[in-house]
Amino acid sequence: MSGTPALVVPPGPGLPDGLVVPGEELVERFSRASGPGGQGVNTTDSRVELVFDATTSSVLPPHAAERLGVVRVVATEQRSQRQNRVAARDRLAERIREACAPPPPKRVPTKPSKASRRRRLEAKARRGQTKALRGRVRPD
């Protein structure tokens, strides 16, 4: 659709200045939603589906475009199309922000300390003793 407004993605990790996705890169579809709304739900196209192909986007960084691929967001929670449209756009903006964020640092594996190894072995020995006492009593 040509009448889709641009999507403003607020600043976040990996996007210090935010981002504006042109409306031409978004596809917005409206259809009838299920759920609350009485008889009006049968006549109103309140369900909003927002599709964004990140792989062909001109504004996303390459790593984010690769991570996202084609994103499809659907909003049907509200009775009004306008509120569902806002909800879908908010969700898409959040997904884009998450994709642009840098990955968390890799965890460096650590070795157990001497004290923790000693405590583990002592606990194992105590447990073994407890289990050994469950056996038959042998006369000496």
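Where a number appears in this text, it was derived from the coordinates with a stated rule and is not lab data. On a predicted model such as this, the values are computed, not experimentally measured, just so you know. Glycine also receives a Cβ, built like all others from the backbone with ideal geometry; neighbour counts cover every protein chain displayed.
Hand me the trypsin sites (Lys or Arg not before Pro) from segment 59-111 located in a DSSP loop with no more than 10 other Cβ atoms within 10 Å, in residue order please.
Working: sites: Arg67, Arg72, Arg79, Arg82, Arg85, Arg89, Arg91, Arg95, Arg97, Lys106, Arg107; in loops: Arg79, Lys106, Arg107.
When the trypsin sites (Lys or Arg not before Pro) of segment 59-111 are filtered for loop state and at most 10 Cβ neighbours within 10 Å, Lys106, Arg107 remain.
With volume of the Cα convex hull per residue in Å³ in mind, check (1) 103; (2) 124; (3) 224 and report the label derived from this structure.
This structure yields the entry labelled (3).
Quick one: net charge of Ser58's neighbours, Cβ under 13 Å, K/R +1, D/E -1?
-3
In the chain, if the dipole is taken from +1 on Lys/Arg beta carbons and -1 on Asp/Glu beta carbons about the Cα centre, which of Val73, Ser116, Gly3 is farthest to the positive end?
Most positive-ward Cα: Ser116.
Could you check which residue among Ala87, Ala99, Ala125 shows the biggest mean-square fluctuation in a GNM of the chain with a 10 Å Cα cutoff?
Greatest mean-square fluctuation among the candidates belongs to Ala125.
Non-local amide H neighbours of Ala33 (under 5 Å, H modeled in plane, Pro and chain starts lacking H): which ones?
Ser46, Arg47
Does anyone have the angle between helix 114-132 and the longest principal axis of the chain? Alpha-carbon axes, 0 to 90°, nearest 10?
60 degrees
What list of ³J(HN,Hα) values in whole Hz, one per residue of segment 9-26 in order, does the Karplus curve 6.51 cos²θ - 1.76 cosθ + 1.60 (θ = phi - 60°) give from phi, with Gly and Pro shown as x?
9, x, x, x, x, x, 10, x, 9, x, 7, 10, 8, x, x, 5, 8, 10
What dipole magnitude, in Debye to the nearest 20, does segment 7-100 give about its Cα centre under +1 on Lys/Arg Cβ and -1 on Asp/Glu Cβ?
I would put it at about 380 debye.
Using the Karplus curve 6.51 cos²θ - 1.76 cosθ + 1.60 with θ = phi - 60°, what ³J(HN,Hα) values do you get for each residue of segment 89-101, in whole Hz, with x for Gly and Pro?
5, 4, 5, 5, 4, 5, 4, 5, 4, 5, 5, 7, 5
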